[in-house]
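As structure tokens, the structure follows; a few thoughts come after it.
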Amino acid sequence: MKITTEQIITDTDPRIREKSVPVPVPLEAEDAELLQGLLEYVRNSQDEELAEAENLKPAVGIAAIQVGVPRKLIAVVVPDPEDPEKNLEFALANPKIISESVQNSYLEGGEGCLSVLENHEGHAFRHARIKVRAYDLLQDANVVIAAEGFLAICLQHEIDHLSGILYYDRIDKENPMKEDPEAEVY
């Protein structure tokens, strides 16, 4: 399934706030095809030539609800902190955070989202470290992912989509640039 920028719904569409439903594992063909399409979009959006040729917005992750499908499917592609020449890639079904640190983290420049066209400045606080249980299509197995840093932030952002939560819901409305001296900042 080929996913295009035109298929991505925005935060003005009430469907973006829908709660996603779990999918059966092993994946049905339709879910596997959608999940593969989500992964391809993110991969291709990070290739300058492909992104320009296919008019793709740059992304590090996407959830199925962002193309109007309320199913618990997400794809994430981020640089490997141990080898910048490689990416960490996940195509996850039914991801669930099973543990999280007390310590916070956030992106200094704020988060962005394919479904949010308007800029929302501020710090969206996330857990610095998490463990996620899911089925990973790429490994064709149930996995537990121990994540920290940028990967942890990205996974939490995409998992939030499954509950109808957008990153700007996590920004303090009274003090958007509030800092946490204990937090890890990226």
Relative contact order %, the chain, counting alpha carbon pairs below 8 Å whose residues are six or more apart | 23
May I ask you to list the lysines whose Cα is less than 23 Å away from that of K96, ignoring any residue fewer than eight positions away on the same chain?
-> K19, K72, K131
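Place a +1 charge on the Cβ of each Lys and Arg in the chain and a -1 charge on the Cβ of each Asp and Glu, then give the dipole magnitude about the Cα centre in debye, rounded to the nearest 20.
Around 800 debye, computed over the chain.
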Does region 23-95 come out rounded, prolate or oblate, given a ≥ b ≥ c as the square roots of the eigenvalues of its C-alpha gyration tensor, rounded meaning a/c under 1.5 and, failing that, prolate meaning a/b above b/c?
-> oblate
Trypsin sites (Lys or Arg not before Pro) in region 77-186 lying in a DSSP loop, each with at most 15 other Cβ atoms within 10 Å of its Cβ, come to K173, K178
Spin-label point model (7 Å from Cα, Cβ direction): what's the N175 to N104 distance in nm?
-> 0.9
So which trypsin sites (Lys or Arg not before Pro) in region 7-52 are both in a DSSP loop and have at most 16 other Cβ atoms within 10 Å of their Cβ?
-> K19
Is region 82-128 rounded, prolate or oblate when judged by the Cα gyration tensor, a ≥ b ≥ c being the square roots of its eigenvalues, rounded requiring a/c under 1.5 and prolate requiring a/b larger than b/c?
-> rounded
Around S101, what is the net charge, scoring Lys/Arg as +1 and Asp/Glu as -1 over all other residues with Cβ under 13 Å from its Cβ?
-> -2
Please report, to two decimal places, log10 I(q)/I(0) for the chain at q = 0.18, 0.20 Å⁻¹ as given by the Debye formula with identical point scatterers on the Cα atoms and no solvent.
-> -1.29, -1.57
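Loop by DSSP (not H, G, I, E, B), at most 14 other beta-carbon atoms within 10 Å: where is the longest site-free stretch of the chain for GluC sites (Glu not before Pro)?
The longest such stretch corresponds to 29-81.
Each value in this text was obtained by applying a stated rule to the coordinates, not by laboratory testing. Please read all numbers here as calculations on a predicted model, not as lab measurements. Reconstructed Cβ throughout: ideal geometry from the backbone, glycine too, with neighbour counts over all protein chains shown.
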